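First up is the structure itself, then whatever we jot down about it.
FYI, it's all coordinate maths here, none of it is from the lab. These numbers were taken from a predicted model, which means no experiment stands behind them. Positions of Cβ are generated from backbone atoms using ideal geometry, with glycine treated the same way; all protein chains shown enter the neighbour counts.
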Amino acid sequence: MKNLFTFNFWFLTRAELTVFAYWFLVIFVFSLSVAWIYIQMTKSRWKKNFWRKSMDSLSGLLIFNFLAGLYLWLVNDQLIPILSARIWFIVWGVEMFCWGFFIKRDFFKAKAKQAEFAATKDLKKYIP
């Protein structure tokens, strides 16, 4: 436990992944790429829609995190300690959480806009 709070543990020691963690990383990274490809294929459905901004943000999150995860996966076995340091996994997780929080907020705003538009459309139905 005393190693957990040292500079060497986070920055100068290679993160040796267990077999489970290694395969979890591989599956997670490639699921990000599959999700990004799916969103790119269905992008034409989101034109001039309330969800367009949110879906563009989600697409950016997926491709960036795919590339970041691919980098972490490829440099995990390198001998240069700073490239495969444990801190990069923490930074990657925090970045995904923060970006996801803002995308979730955009989705809620779009949902509110859509409900407001539907209410306005119902109201305008009775006004000539």
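What is the Cα centroid distance between region 1-70 and region 108-128, reported in whole angstrom?
36
When the dipole is taken about the Cα centre of region 1-95, and only Lys, Arg (+1) and Asp, Glu (-1) are charged at their Cβ, what size is it in debye, to the nearest 20?
The calculated dipole for region 1-95 is roughly 540 debye.
Would you mind checking which residues have amide H under 5 Å from THR13's amide H? H placed 1.01 Å from N; only 5 or more apart, or other chain.
ARG86
Quick check on region 58-128: take the gyration tensor over C-alpha atoms, sort the square-rooted eigenvalues as a ≥ b ≥ c, and tell me if it's rounded (a/c under 1.5), prolate or oblate.
prolate
Which of the lysines could a cross-linker bridge to LYS113, judged by Cα under 26 Å and excluding same-chain residues fewer than eight apart?
LYS43, LYS47, LYS48, LYS53, LYS104, LYS121, LYS124, LYS125
Using a/c under 1.5 as the rounded threshold, could you call region 17-64 rounded, prolate or oblate? The axes a ≥ b ≥ c are square roots of the C-alpha gyration tensor eigenvalues, and prolate needs a/b larger than b/c, oblate otherwise.
It is prolate, given that a/c is not under 1.5 and a/b is the larger ratio.
Quick check: pseudo-label points 7 Å beyond the Cα along Cα→Cβ at PHE102 and TRP46, how many nm apart are they?
1.6
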